[in-house]
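Undergrad: Just passing along the structure, written as structure tokens.
The values are calculated or read from the model by the stated rules, or taken from the named source; none is laboratory data. None of the values given here were measured: they were computed from a predicted structure. Quick reminder, even Gly has a Cβ in these numbers, built from the backbone with ideal geometry, and neighbours come from all protein chains shown.
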2 protein chains.
Amino acid sequence: MPPIISIVGKSNVGKTTFLVKLLPELKKRGYRVATVKHDVHGFEMDRPGKDSWRHAQAGSDVVVVSSPEKLAMIRPTDHDWTLPEIGHLIGDSVDIIITEGFKREEAPKIEIHRKEVSSELLCTARELVALVTDEQLGIAAPQFGLDDAAGVAGVLEKRFLAGARTESEVTLVTDGKPIALAPFVRDAIVGTLVGLLSTLKGMGSLRTIDLRIKREG
Amino acid sequence: MPPIISIVGKSNVGKTTFLVKLLPELKKRGYRVATVKHDVHGFEMDRPGKDSWRHAQAGSDVVVVSSPEKLAMIRPTDHDWTLPEIGHLIGDSVDIIITEGFKREEAPKIEIHRKEVSSELLCTARELVALVTDEQLGIAAPQFGLDDAAGVAGVLEKRFLAGARTESEVTLVTDGKPIALAPFVRDAIVGTLVGLLSTLKGMGSLRTIDLRIKREG
């Protein structure tokens, strides 16, 4: 799963404004980026009368709209998804996931601070990858101005993106829950599965393997 | 992967109209249904000015909006997704996938026909699970009236949904392409992986296992 970093801050402090400055900085360094907006109030992405809206109204559990340029998927849910669940859904099609909100989750954080919005921070220095602020504060976290998206992109690159990974990455989800694997279990799984699959034709140099098992009876 | 059935027919023949009648018939029988709309002309699901729209404009490769009731994911793509690719994305969260369009793909089909729209069918009798029509035609496929969604739901239930599956279902995707597995390879993979995982704590009675391996170096 790609690294997940959360941009947090008080309401109207400028989280989206900073995120849309940060995105082009990461893109021009060659990274693929997913962004996640946490919308506690619910949202409408579809328009009344459109076919996809009619599908959802008629009871569809998952609505997908597919075009040659864009794919959209909308699904009702009975709970607020956690960041590991969202990361699993997004998968390895990107290098990094940046979220807006999710301040209560454990992901490393970038806090946006403006003195006219608040006199105190939401995060402790320990949680902060970077503090984006319009006043210098006496805490032990790297601090950047409100326009210094390049500076923050540099920190993200150094801490989360630079350097090729040197070992296989394995993500395991059982019955919908991500499972942490000890290194020897991970190595046993990779060794066994790659061994089995390499006996199949044309399977010499696989980069990614996605396996789903649904057990019955 | 759940069974995929395509509703096809000429433009304006009433594909969406029939689909929104069929959905409640499947739902009231207790099935979870995903629907897929093929939109060759592209679409806009997002609204200018919304935060998620600003993310996409700023270059986000995948935009997710998460709320306690609903989750939406939008991703740009460089190709028209095939039905197996879309089925893999949707996964086993539903029992059946009904598409609108995709007439060129190999999925079993329900054709909607009205005599004032066309004098001939798009599909051969062999491809058709059901023909929904306002005139009786001399072909060897089950035929239903334009309002007989219950009749079509009955056929889908009998052919694709009834009866519990008796063996484990395994979906394998390598480097983004779904791979067909011979039964003995499938059984070897399930046996090995379930065996390995059952040695971990609390892994007694897993229903689903999702494994992703990304190999490096």
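Undergrad: For segment B:64-83, give me the residue count where each residue is within 18 Å of residue B:35 (Cβ to Cβ) and surrounded by fewer than 19 Cβ atoms within 10 Å (Cβ to Cβ).
TA: Within segment B:64-83, residues that are within 18 Å of residue B:35 (Cβ to Cβ) and surrounded by fewer than 19 Cβ atoms within 10 Å (Cβ to Cβ) number 3.
Undergrad: Still on this structure, I have one more. Filter segment A:132-145 down to the residues that are in a strand (DSSP E or B) and of a type in the set (A, V, I, L, M, F, W, C), then identify the one that is surrounded by the most Cβ atoms within 10 Å (Cβ to Cβ).
TA: Top of the filtered list is A:132.
Undergrad: Mind telling me which of the residues B:129, B:194, B:173, B:185 ends up being outside any loop (DSSP other than H, G, I, E, B), under 25 Å from residue B:89 (Cα atoms) and at pLDDT 95 or above?
TA: B:129
Undergrad: State yes or no: is residue A:199 modelled with pLDDT of 80 or more and not assigned by TED's automatic domain parsing to the domain that holds residue A:119?
TA: In short, no.
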